[in-house]
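Below: one structure, written as structure tokens.
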């Protein structure tokens, strides 16, 4: 099904795909992180569903869920998940704005990319402070 | 050579679905935030009552539907970009589709369970 066979063009073009040696602009990083956080969030869905189901089963299961959420591994995963969610959300908003032709100029796009990072990290920081009481 | 694999015209529909599901998820999360800040849950009974409130139950089912639709569109793009070869791609997408359908059914079973509510 690869279309290469049907394309009678110059297949001797040089290829350089070493991402570690290409200096990506921040917008490109935001874009690939948007994709990666999306995948991470998908992994969280069955976990959330399980915790939801278990918490509704009975009072003891409810307490079990709360106690699990207080363990260190759960907190770490929770912070990662929260960051992934915030990052994905804010870069998504950036996408929507750019769909509407807002912020597509180079300087604006750079600024909004920085804002996406700042907003996501702020959300995580606020949540970490708010929930560590 | 010009076989139609059924992808003609899909782009706009998927683009719209992805945006629509994203908007709904944003609204739901904002709403949920308000609900739980204004009326924090205290204990199992309270949790059952809150979750069992019919409007919230319906909204939550829709939320997970939006997650799965939005996630499917994204995942499919990723698979199409990185997984090549008709058979491998088909197998990966089929496995993912089954998992997504399973999660959809699971969501319904969780939120349609009797015994939720006051």
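Please treat every number below as a calculation from the coordinates, not as lab data. Every value quoted in this text rests on a predicted model; they were computed, and no experiment measured them. Virtual Cβ from ideal backbone geometry, glycine too; neighbours counted across all protein chains shown.
So here's what we get for this one:
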read-out	value
Residue tally, condition at the interface with another protein chain (Cβ under 9 Å from one of its Cβ atoms) and in a helix (DSSP H, G or I), over the stretch B:24-46	5
Number of the exception - residue B:84 against (1) under 26 Å from residue A:31 (Cβ atoms); (2) part of a helix (DSSP H, G or I)	(2)
Answer residue from the stretch A:14-46, given it is more than 12 Å from the chain's Cα centre (by Cα) and crowded, with 17+ Cβ neighbours inside 10 Å and is nearest to the other protein chains (Cβ to nearest Cβ) among those	A:45
Those residues of the stretch B:47-100 which are facing another protein chain (nearest Cβ under 9 Å), touching a residue at least 24 places away in the same chain (Cβ under 8 Å) and over 20 Å from the mean Cα position of the chain (by Cα), in sequence order	B:48
